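So the structure is just underneath, and the comments pick up after that.
Only the coordinates and a few stated rules stand behind these numbers; no lab work does. Predicted model, so just to flag it, every value in this text is computed and none were measured. Using ideal geometry, Cβ is built from the backbone for each residue, glycine included, and neighbour counts are taken over all protein chains shown.
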Amino acid sequence: MLDQFSRTELLIGKEAIEKLNNAKVAIFGIGGVGSFVVEGLARAGVGKFIIVDDDKVCLTNLNRQILATHKTIGKNKVDVAKERILDINPKASVETYQEFFMPESKEIIDETVNYVVDCVDTVTAKIELVVRTNKLNIPIISCMGTGNKLDPTKFEVTDIYKTSVCPLAKVMRKELRERGIKKLKVLYSKEEPIKIDETSESSCKNGCICPPETKRKCTIRNQVPGSISFVPSVAGLIIAGEVIKDIIGK
């Protein structure tokens, strides 16, 4: 009998479909990259999700985030993501955490999680996720920088210690080496970041509907990277593909 995953089953088989249905994946950060990770996983049949993000949908998210529409501006991203997942697959299970993940955050992942996807912006949070997943022996893939880039064909999946060009990857290599972490699966771009006007304003100005704490973080970052629709989306779908292939053993 046909169902919504029939065509996927033709490609990967019934056993793989069951593996995906039973899998629990935690996605940290559901912005430009993370929202497309969620989309790819939900449409492939992953049955259990943990979604972590503290932001609300902002006007400037419309250029690249699949969760962002004029109807969702001002809504919590985790709530919009949960609704979308359940619209795609009503049988899915979705846990949401509206918080900015940091080392002091409470435990969100445990041994029941099959895979963790890191799409957060801050190095401190990224390192903490790697440390926690290593302790729990949970597979993780971490996204490096996708901002200020225009060529989605330059993305590669590799180990963090084989990366080059990406400034974020350079910082991550140093921090992980100091902590004795010997490997980390990452997605990164070999494209040189495009230099943008350093005097440009933060994306959380000019009337965006963002919570005060988000504006504070944007001020701390000083400058938000430029972005476009087809770069973070490609990154997110590549990551979703890696997660799916690892879960089903392909």
If contacts are Cα pairs under 8 angstrom and at least 6 residues apart, what is the relative contact order of the range 37-117 in percent?
37
Excluding P232 itself, what net charge comes from residues whose Cβ is under 10 Å from its Cβ, given Lys and Arg +1 and Asp and Glu -1?
+2
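Using unit Cβ charges (K, R positive; D, E negative) and no other charged atoms, how large, in debye to the nearest 20, is the dipole of the chain about its Cα centre?
Working: 38 positive and 33 negative charges, 76 e Å.
It works out to roughly 360 debye.
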Lys/Arg Cβ at +1, Asp/Glu Cβ at -1, dipole of the chain taken about the Cα centre: which of S105, N76, I127 is farthest positive-ward?
I127
Beyond 31 Å, how much of the Cα-Cα pair distribution for the chain remains, as a whole percent?
20
Over the chain, what is the mean sequence separation of C-alpha contacts under 8 Å (at least six apart), divided by residue count, expressed as relative contact order in percent?
24
Taking 0.36 nm per intervening residue step and subtracting the Cα-Cα distance, what contour gain separates T158 from I88 on full extension?
22.2 nm
In a Gaussian network model of the chain with springs linking alpha carbons closer than 10 Å, the residue among E83, E178, E95 that fluctuates most is E178
Count the DSSP beta bridges whose two residues both fall in the chain, then state the antiparallel fraction as a percent rounded to the nearest 5.
25
Neighbour counts of other C-beta atoms within 10 Å: give me D53, D87 arranged from fewest to most.
D87, D53
Run the reach check for K245 against lysines, Cα to Cα strictly under 17 Å, same-chain hits fewer than 8 apart removed. What comes back?
K14, K19, K24, K48, K185
May I ask you to order 140-151, 60-71 by the average number of other C-beta atoms within 10 Å around their residues, highest value first?
140-151, 60-71
Tally the DSSP beta bridges in the range 3-147 and give the antiparallel ones as a percent, rounded to 5.
5
Round to a whole angstrom and tell me the spacing of the C-alpha centers of the range 169-186 and the range 98-168.
11
Would you mind ranking S105, S233 by Cβ crowding within 10 Å, fewest neighbours first?
S105, S233
Sorted by chain and then number, the residues having a modelled amide H within less than 5 Å of the amide H of V224, at least 5 places away or on another chain, are S203
